[in-house]
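Student: The structure's right below; bear with me while I get my questions together.
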Amino acid sequence: MADRVVVRAPATVANLGPGFDAMGLALTWHDEVRVERGGEGLEITASGLGADTLPRDETNGVVVGLRAVLGDLPALRIHKMTAVAYARGFGASALSICAGLVAGRALGDTAHSDDDLLALAVDLEGHPDNVAPCLRGGITVNAAGRGLRLDPPDQLRLLACIAPGALSTETARAALPDMVPHADAVANVGRAALLAAALATRRLDVLFEATEDVLHQPPRFALMRESGDLVAGLRAGGVAAFLSGAGPSVGAFVRAHEADAGAVAARALAPDGWEVRVIDIDRDGATVVESR
């Protein structure tokens, strides 16, 4: 049983266009969480991007994850080093929960399997699209309580266009209609299947067609005009762009040898204040990097 653990957990991108609430991938863009026994009750500190906004009580996602594994918590000191922006579309809340789950298993030396942790994460987060890749790494497809992990193609990169302002997932989800036309549902089912097949068979040449979405992005773009304009501009140039999770940030699939050109195009199209990065896909997921 460890007295101190450090967990590194990745940012994620959900949906990937048509794979609403079912598909996601992990990025080599990480937060670190340190949990150690001692102190008085729960002592929570944070540093890095947006650290002053993180809750210092039981609502903190790391605490939620720890409690799901350990039950009643001992006195703990928790420190989160944040690099992933909250409410931008990169799974920061899922990351915190997953880091807490993994830290709790290591700290308590529990018998929870990887599947157990994923089931807990889905219960806590409500859907698997961010927590599955955060825990397992790579690209994940989850539906009907079952999931598969895909190793990412070696040449695949994610072009991340990071919005300067936040938008809560709840607000973005509230914009979705209760019913959609049958034709739109059929279109998205076909494209999501094509996307999964393309990634599994490394057919990067069909990712542009496979990432088109008509189900959840159009109503969300009504809330985030800049995001919609950026996706439309990139796709007009042949870049496989899509809303990153619930937004407002934008992601795009690019091949490694085309990544620099894609970044130049994205910077030219992005509004003032947006940041553009080319990020590799994380293959490991949330990992204990120190335990003693």
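The values are calculated or read from the model by the stated rules, or taken from the named source; none is laboratory data. From a predicted model like this one, the values you see are computed outputs, not experimental measurements. Positions of Cβ are generated from backbone atoms using ideal geometry, with glycine treated the same way; all protein chains shown enter the neighbour counts.
Student: Among the listed residues THR169, THR110, which satisfies the condition of being modelled with pLDDT under 95, in contact with a Leu (Cβ under 9 Å, 6 or more places away or on another chain) and hydroxyl-bearing (Ser, Thr, Tyr)?
Tutor: Numbers: THR169 fails: in contact with a Leu (Cβ under 9 Å, 6 or more places away or on another chain).
One residue alone meets the criteria, THR110.
Student: Do we find that LEU167 is over 14 Å from PHE20 (Cα atoms), in a loop (DSSP other than H, G, I, E, B) and of a type outside the set (Gly, Ala, Ser) in this structure?
Tutor: Values: over 14 Å from PHE20 (Cα atoms): yes; in a loop (DSSP other than H, G, I, E, B): yes; of a type outside the set (Gly, Ala, Ser): yes.
Judged against the criteria, LEU167 is a match.
Student: Does at least one position in the range 225-239 carry a residue that is hydrophobic (A, V, I, L, M, F, W, C), surrounded by fewer than 22 Cβ atoms within 10 Å (Cβ to Cβ) and within 20 Å of the chain's Cα centre (by Cα)?
Tutor: Checked the range 225-239: no residue is hydrophobic (A, V, I, L, M, F, W, C), surrounded by fewer than 22 Cβ atoms within 10 Å (Cβ to Cβ) and within 20 Å of the chain's Cα centre (by Cα).
Student: On to the next question. Would you mind finding the one in VAL186, VAL141 that is at pLDDT 95 or above and either part of a helix (DSSP H, G or I) or touching an Asp or Glu at 6+ places or on another chain (Cβ under 8 Å) (or both)?
Tutor: Numbers: VAL141 fails: either part of a helix (DSSP H, G or I) or touching an Asp or Glu at 6+ places or on another chain (Cβ under 8 Å) (or both).
Unique residue meeting the criteria: VAL186.
Student: Does the range 59-70 contain at least one residue that is outside the structural domain of VAL231 (by TED's automatic domain parsing), in a strand (DSSP E or B) and more than 20 Å from the chain's Cα centre (by Cα)?
Tutor: No, the range 59-70 contains no residue that is outside the structural domain of VAL231 (by TED's automatic domain parsing), in a strand (DSSP E or B) and more than 20 Å from the chain's Cα centre (by Cα).
Student: Consider the range 240-265. How many of its residues are within 13 Å of the chain's Cα centre (by Cα) and among the small types (Gly, Ala, Ser)?
Tutor: Total meeting the criteria: 6.
Student: Looking at LEU95, is it over 18 Å from ASP21 (Cα atoms), modelled with pLDDT of 95 or more and within 15 Å of the chain's Cα centre (by Cα)?
Tutor: Here the answer is no, as LEU95 does not meet what is asked.
Student: Condition (residue is assigned to a strand (DSSP E or B) and either aromatic (Phe, Trp, Tyr) or outside the structural domain of ALA83 (by TED's automatic domain parsing) (or both)) applied to the range 10-20: is it met by at least one residue? Full working, then the answer.
Tutor: If we filter the range 10-20 for residues that are assigned to a strand (DSSP E or B), which is where we start, we get 10-14.
Add one more test, that the residue is either aromatic (Phe, Trp, Tyr) or outside the structural domain of ALA83 (by TED's automatic domain parsing) (or both), and what stays is none.
The answer is no; no qualifying residue exists.
Student: What residue, of PHE221, PHE208, is closer than 27 Å to ASP151 by Cα and aromatic (Phe, Trp, Tyr)?
Tutor: PHE208
Student: Among the numbered conditions (1) surrounded by 20 or more Cβ atoms within 10 Å (Cβ to Cβ); (2) under 25 Å from ARG202 (Cβ atoms); (3) in contact (Cβ under 8 Å) with a residue 60 or more places away in the chain, tell me where LEU107 comes up short.
Tutor: Against the list (1) surrounded by 20 or more Cβ atoms within 10 Å (Cβ to Cβ); (2) under 25 Å from ARG202 (Cβ atoms); (3) in contact (Cβ under 8 Å) with a residue 60 or more places away in the chain, LEU107 comes up short only on (2).
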